[in-house]
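Undergrad: One structure, as structure tokens, below. Some questions next.
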Amino acid sequence: MASILVIDDNYDMLEMLRIALSHRGGHRVSLCANGEDGLKLAKSERPDLAIVDVMMPDISGYEVVRQLRSEPQTEDMSIIILTARGQPVDKIAALDAGADLYMEKPVKPQDLLDEIEKLLSTPQKQIESGLFPVFSLRGGIGATTLAVNIALLFQQLNPSALIDFSTNSGHCASCLRLQPKRHWGMLLQTGITENQASTIGNLTMKHPSGLRLLAAPPLPLPADRLTGAHVNSILDVMQKKLRFLVVDMPPALSSASIAILEKSTKIILISSSDPLSIQSTRSTMESLKKYHDKFELLLNNITPGKQVSADKVEKTLRLPVTAQIPYHADALPNKLKGMPAVLSQPQSPFVSTLQQVIRTLLTQKRKTR
Amino acid sequence: MSNNNLSQTAADFFSENYRLSSTIDARRRSLGDLLYDQTTSYLTVEGAYISPIDFPSRISGNFPSAVIVKESLTFALTSNQNTVFRRDQKYGQYYAPRLYKIFIALPYFELTGDLLLPGRTTPQILLTSKTEGFLTLLDVTAQVVTRPEITYQGEACIVCKNKVSFVGLLD
């Protein structure tokens with residue numbers, strides 16, 4: 001069963017589609033008789049699919065589709081344009097606006113249901129490799145724990161690495177119960193040689209899960225010691241060898257951070273639901289406007305009890321929450337024992353939410369044509 | 001497009017620059033009856049949506065009802081043949097009709113389609129001696145002269161004779 005929004009100004013058509021989609025197709029159907037209300041409903045309900053008429057009095061169906069594609073909450077929605085305008089140019093116009101499918105009225109209910117079935121079962125294009133920095137300008141909200149667990153989940157799919165780019169003696173190694181005998185700080189002492197691949201490769205450590213770790217130096221360094229050039233060299237080499245790289249970012253906007261963000265596939269932005277963290281996330285987004293399309297916001301519940309709703313956070317940040325990570329009581333003991341939840345409690349709600357996050361990270365965002 | 005009445009017929013009306021998609025409440029008359037009717041120079045349509053011919057995805061205006069000036073119309077296109085025939089074209093013809101494949105040059109458009117004529121009438125007779133203001137074509141493709149990639153197609157079409165500059169017989 002899918003949730004389907006129908007936007008059409010013809011009440012007979014709305015009723016016909018409601019009967020066909022809900023009674024015959026078993027879908028959950030919302031109806032809307034004009035484009036403005038349809039857009040509002042699409043943003044609040046986020047249906048799996050929208051069926052949009054073209055000729056409507058307030059805004060045309062083409063404009064509705066363009067606006068759906070331009071909003072982060074609705075850009076990935078499947079859209080069918082169903083119209084009485086049956087010219088070849090109308091089909092081109094519908095697809096150019098961003099619709100997945102064009103169908104001409106009158107339509108047979110079974111044909112429409114078949115097309116919906118096909119559209120919803122078509123997998124979106126998957127990302128096969130990438131760089132995923134985990135970033136928050138506010139410390140202490142679980143970014144490292146999330147980075148470690150996300151990296152382990154990537155490793156379950158393909159050879160992956162976790163890079164701890166913290167300049168304040170990062171904790172990724174201890175989270176994985178590894179001794180950071182080798183770390184990227186050694187590159188700064190010796191300089192990056194011509195034989196970068198072997199130099200950098202030798203600095204990584206292998207976790208029993210197979211995950212490679214490039215650890216942070218055990219002693220704090222001035223933030224500017226790690227430059228954008230260093231980061232670029234390290235990432236270039238590691239990206240050639242491994243499919244997925246997860247970076248635990250330093251909580252600062254240094255040249256190194258910018259170099260990481262520049263190369264990133266998607267940016268995992270972490271916020272907790274406390275006002276200070278939300279404020280900090282908002283200012284991060286302001287400073288990094290150019291990367292807005294790459295953000296995947298994780299709302300990490302680091303305290304038990306009632307939390308601020310994702311809707312409120314979305315309204316404040318004007319960014320959809322990719323996932324709300326449930327409070328995980330064992331997060332700290334796991335960290336101290338060096339046994340991340342992905343390995344010690346793979347059935348926990350915390351891990352299943354992160355698995356959902358991985359699926360989202362691996363799905364390519366749709367671009368408006 | 002609102003279409004609450006089952007007697008309504010959907011059609012696209014083309015002038016030199018605009019395409020108007022709408023419905024007509026034809027009641028017991030066809031689009032052909034209404035356009036060929038020489039007692040009125042206008043045709044009222046409902047639920048009119050206007051787009052520039054060379055920019056089909058832009059709907060520049062929509063109106064609950066609109067009036068079309070028949071002599072300014074270049075052609076009207078529908079996806080249903082039955083809606084374009086006049087009553088006398090549908091029933092009681094003594095001679096079997098013939099189809100002539102023709103090309104018509106219109107302002108901004110090139111049309112190709114089949115001209116349906118009663119047995120003894122030829123396209124020449126139709127164009128030179130008949131007083132009707134329109135021609136009926138079947139299986140029509142209309143191509144925009146300046147943007148050949150833009151085409152409009154329909155099962156049937158009614159063309160304003162005053163707008164025709166050239167007619168080519170393809171058979």
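FYI, it's all coordinate maths here, none of it is from the lab. Only a predicted model underlies this, so the values are computations on that prediction, with no experimental measurement involved. All Cβ positions, even for glycine, are placed from backbone atoms using ideal geometry, and neighbour counts span all protein chains on display.
Undergrad: By count of other Cβ within 10 Å, fewest leading, how are A:175, A:32 ordered?
TA: So the residues, fewest neighbours to most, are A:32, A:175.
Undergrad: Based on other C-beta atoms within 10 Å, arrange A:12, A:164, B:171 from fewest to most.
TA: Fewest to most other Cβ atoms nearby, the residues stand as B:171, A:12, A:164.
Undergrad: Give the residue from A:140, A:220, A:360 lying farthest towards the positive end of the charge dipole for segment A:130-361; charges sit on Cβ (+1 for Lys and Arg, -1 for Asp and Glu) and the dipole is referred to the Cα centre.
TA: A:360
Undergrad: With a Förster radius of 22 Å, plug the Cβ-Cβ distance of residue B:41 and residue B:129 into 1/(1 + (r/R0)^6) and report the FRET value to the nearest 0.05.
TA: Calculated transfer efficiency: 0.45.
Undergrad: Along Cα→Cβ, 7 Å out, is where each label goes; now give me the distance between the ones at residue A:1 and residue A:286 in nm to one decimal.
TA: 4.4 nm
Undergrad: Return the loop-located trypsin sites (Lys or Arg not before Pro) in segment A:60-165 (DSSP other than H, G, I, E, B) with at most 13 other Cβ atoms within 10 Å of their own Cβ; answer none if there are none.
TA: Hits after loop and neighbour filter: A:125.
Undergrad: Sticking with this one: Take the Cβ-Cβ distance between residue B:170 and residue A:306 as r, set R0 to 51 Å, and report the resulting FRET efficiency rounded to the nearest 0.05.
TA: After rounding to 0.05, the efficiency reads 0.10.
Undergrad: If only Cα atoms are counted, what is the Rg of chain B, and what is its Dmax, in Å?
TA: Every Cα atom of chain B included, Rg and Dmax give 15.5, 47 Å.
Undergrad: At a 10 Å Cβ-Cβ cut-off, how would you order A:363, B:146, B:9, fewest neighbours first?
TA: Listed from fewest to most nearby Cβ atoms, that is B:146, A:363, B:9.
Undergrad: Quick check on the protein assembly as shown: of the DSSP beta bridges with both residues there, what percent are antiparallel, nearest 5%?
TA: Approximately 60 percent, going by the DSSP bridge assignments.
Undergrad: A further question on this structure: Report the trypsin sites (Lys or Arg not before Pro) located in segment B:95-136 that are in a DSSP loop and have at most 14 other Cβ atoms inside 10 Å of their Cβ, or state none.
TA: Within segment B:95-136, the qualifying trypsin sites (Lys or Arg not before Pro) (loop, at most 14 other Cβ atoms within 10 Å) are B:120, B:130.
Undergrad: So what are the ³J(HN,Hα) numbers for segment A:51-58, from phi and the Karplus equation (6.51, -1.76, 1.60; θ = phi - 60°), rounded to whole Hz, Gly and Pro as x?
TA: With the stated coefficients, segment A:51-58 comes to 10, 10, 7, 8, 8, 10, x, 7 Hz.
Undergrad: Starting at the first residue of segment A:238-255, write each ³J(HN,Hα) from the Karplus equation 6.51 cos²θ - 1.76 cosθ + 1.60 with θ = phi - 60°, in whole Hz, x for Gly and Pro.
TA: Rounded to whole hertz, the list is 6, 5, 5, 9, 10, 6, 10, 10, 10, 10, 8, 7, x, x, 8, 9, 8, 5.
Undergrad: Once you place label points 7 Å from the Cα toward the Cβ at residue B:54 and residue B:161, how far apart are they in nm?
TA: Result: 3.1 nm between the two label points.
Undergrad: Note down the relative contact order for chain A as a percent, whole number, built from C-alpha pairs under 8 angstrom at least six residues apart.
TA: After rounding, I find 17 percent.
Undergrad: Same structure again: Taking the radius of gyration and the Kirkwood hydrodynamic radius from Cα positions alone, what is the Rg/Rh ratio for chain A, to two decimal places?
TA: Result: Rg/Rh = 1.05.
Undergrad: Of B:123, A:264, A:42, which is farthest towards the positive pole of the protein assembly as shown's charge dipole, taken about the Cα centre with +1 and -1 on the beta-carbons of Lys, Arg and Asp, Glu respectively?
TA: A:264
Undergrad: What distance in nm lies between label points placed 7 Å from Cα along the C-beta direction at residue A:279 and residue A:332?
TA: Taking the simple label geometry, residue A:279 and residue A:332 are separated by 2.5 nm.
Undergrad: Could you give me the ³J(HN,Hα) list for segment B:75-84, computed from phi with Karplus coefficients 6.51, -1.76, 1.60 and θ = phi - 60°, whole Hz, x at Gly and Pro?
TA: Residue by residue, segment B:75-84 yields 7, 10, 10, 9, 9, 10, 4, 4, 7, 9 Hz.
Undergrad: Here's a follow-up. Nearest 500 deg cm²/dmol is fine: what mean residue ellipticity at 222 nm does chain B get from its DSSP H runs of n ≥ 4 alone, each adding -39,500 (n - 2.57), divided by its residue count?
TA: Calculated at 222 nm, the ellipticity per residue is -2000 deg cm²/dmol.
Undergrad: When you count, for each residue, the other Cβ atoms within 10 Å and take the mean per peptide, how do B:122-128, A:77-83, A:23-29 rank with the highest first?
TA: A:77-83, A:23-29, B:122-128
Undergrad: P(r) for segment A:160-290: what percent of alpha-carbon pairs falls in each 5 Å bin, starting at zero?
TA: Answer for segment A:160-290: a P(r) of 2, 10, 21, 22, 21, 13, 7, 3, 1, 0 percent.
Undergrad: Sticking with this structure for a sec: Amide H to amide H under 5 Å from residue A:325: which residues, 5+ apart in sequence or cross-chain, H placed 1.01 Å off N in plane?
TA: Long-range HN contacts for residue A:325: A:299, A:300, A:301.
Undergrad: Which stretch or stretches of segment A:213-227 have amide N atoms under 19 Å from the point lying 7 Å from residue A:239's Cα along the Cα→Cβ direction?
TA: Once the point is set 7 Å along Cα→Cβ of residue A:239, A:213-214, A:227 turn out to lie under 19 Å by backbone N, inside segment A:213-227.
Undergrad: 5 Å is the cut-off here: which amide hydrogens, built 1.01 Å from N in the peptide plane, fall below it relative to residue A:130, excluding neighbours closer than 5 in sequence?
TA: A:244, A:245
Undergrad: Okay, next question. Tell me the Kirkwood hydrodynamic radius of segment A:84-172 in angstroms, computed as one over the mean inverse distance between distinct C-alpha pairs.
TA: Radius from the Kirkwood sum: 17.8 Å.
Undergrad: Compactness ratio of segment B:8-78: Cα Rg over 2.2 N^0.38 Å, N = residue count?
TA: 1.05
Undergrad: Further question on the same structure: With the Cα gyration tensor of segment A:3-121 giving a ≥ b ≥ c as the square roots of its eigenvalues, does the rule (a/c under 1.5 for rounded; else a/b larger than b/c for prolate; else oblate) give rounded, prolate or oblate?
TA: Rounded, since a/c falls under 1.5.
Undergrad: Amide H to amide H, which residues 5 or more places from residue A:101 or on other chains are under 5 Å from it, using H placed in the peptide plane?
TA: A:79, A:81
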